[in-house]
Amino acid sequence: MTLHIETPLIESCTMSVTSGRSVWLKLDALQPSGSFKIRGIGYACETCLSRGARRFISSSGGNAGLAVAYAGRRLGVPVTVVVPETTTERAKELLQLEKAQVIVHGTSWQEANAFAQSLIDVSDAFLHPFDDPLLWQGHATLIDEVFRSGLKPDAVVLSVGGGGLLSGVIEGLHRNGWSDIPVLAVETMGAASFNSAVRAGHTVELEQITSIATSLGAKRVCEQAFQWSKDHPVRSVVVSDQSALSACERFLDDHRILVEPACGASLAVVYENSPELKSFSNILVVVCGGATSTVDQIRVGEKSR
Ligand SMILES: *Cc1c(COP(=O)(O)O)cnc(C)c1O
């Protein structure tokens, strides 16, 4: 038993026709917590529990916090999530629905995170949203499932925030003997910390996040993600917020699934038939999902841009 589910892998007829190649979707938007994050966080939480943790602590008001809250409820472990004042009512509501204790502290994530760290007791486990080898091991199950299905894509398209998903997917490619399959690492403008790292030759701290895709808003990617850019064929792609939002709308029409702009960024690469796809005929898109957007937010976001 795992806390994540094995998600459907389907060929998208509309997206295949639009881009003139086979487009396969790994539908992690259908995970019980609303995003792929439960794969790694579920695995990390189970591991921490087996090592004696009595409480899980997170400082994420987004999909990572939701995954911790879900995992804690399923495992019968209390969860505390510290979020800054800027967190939306909806995000807090979703956390409370999963029975997490929500503490609002500070005006920025840095302040909330510092407070969360100060709460950690010897019997508590702190779950990082992207920088933890246990997380990458859990995320890698996404590729194990694709491998078992018998489909071998010639490229993988995924979104990058702090680089946890990227690190896990590449770990999965390698552990299944697929180290030759390139990865297109997609970010939005204003949240492109992986792109900055690749350009600079080392990880870089962005001054601020200006993208609407808040789930991609890690100011600095983890070292492992940067390391993979040297040890695996990875191409960095940056799209606009507008492209990500339009892709969310089209995807809702095509597949009746609402995803966050963070996920829309990857879908945009296909819908806009990015030149980066040129040499590929059979691509796998990680539909990473996201539970914090509403249809209204996607539409309002689009109009205001
Ligand atoms: C967390 C998240 C990402 C980015 O994942 P990282 O591991 O931080 O790179 C992308 N999309 C969604 C919906 C997410 O929740």
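Where a number appears in this text, it was derived from the coordinates with a stated rule and is not lab data. A quick note: this is a predicted structure, and the numbers were derived from the prediction, not measured. For neighbour counting, all protein chains shown are included, and Cβ atoms are generated from backbone atoms with ideal geometry for every residue, glycine included.
Pair-distance distribution of the range 38-129: all C-alpha pairs, bin width 5 Å, starting at 0; shares per bin in whole percent are 3, 17, 29, 26, 17, 7, 1.
Couplings 3J(HN,Hα) for the range 2-19, derived from phi with the Karplus relation 6.51 cos²θ - 1.76 cosθ + 1.60 (θ = phi - 60°), are 10, 7, 8, 10, 7, 8, x, 10, 10, 8, 8, 5, 4, 6, 5, 5, 4, 9 Hz, where x marks Gly and Pro. In the chain, helices alone account for a calculated mean residue ellipticity at 222 nm of -13000 deg cm²/dmol, with every DSSP H run of four or more residues adding -39,500 (n - 2.57).
Provide the FRET efficiency to the nearest 0.05 for the SER50-HIS174 pair, computing r from the beta carbons and using R0 = 22 Å.
Working: r = 25 Å, r/R0 = 1.15.
Result of the calculation: an efficiency of 0.30.
Find the Cα radius of gyration of the chain, compare it with 2.2 N^0.38 Å by division, and give the number to two decimals. Compared with the compact-globule rule of thumb, the chain sits at 0.93. Taking ASP180, ASP144, ASP131 as the candidate residues, the one with maximal mean-square fluctuation in a Gaussian network model of the chain, Cα springs under 10 Å, is ASP180. Whole-Hz Karplus values for the range 164-171 come out as x, 5, 4, 5, x, 5, 5, 4 Hz, taken residue by residue from phi with 6.51 cos²θ - 1.76 cosθ + 1.60 and θ = phi - 60°; glycine and proline positions read x. Please enumerate, by chain and number, the lysines with C-alpha under 22 Å from the C-alpha of LYS92, excluding those fewer than 8 residues away in the same chain. Result set, ordered by chain and number: LYS37.
A cut-off of 5 Å between modelled amide H atoms, ignoring neighbours fewer than 5 places along the same chain, links ARG235 with VAL183, LEU184, ALA185. In a fully extended conformation the segment linking ASP296 and MET1 would gain 102.6 nm over its present Cα-Cα distance, using 0.36 nm per residue. Ordering VAL146, THR292, SER179 by the projection of their Cα atoms onto the charge dipole of the chain, which places +1 on the Cβ of Lys and Arg and -1 on the Cβ of Asp and Glu, puts VAL146 at the extreme positive end. Over all other residues within a Cβ to Cβ distance under 12 Å of GLY172, the charged ones net out to +1, with Lys and Arg as +1 and Asp and Glu as -1. Spin-label model, GLU223/SER149: points 7 Å from Cα along the beta carbon direction are separated by 3.5 nm.
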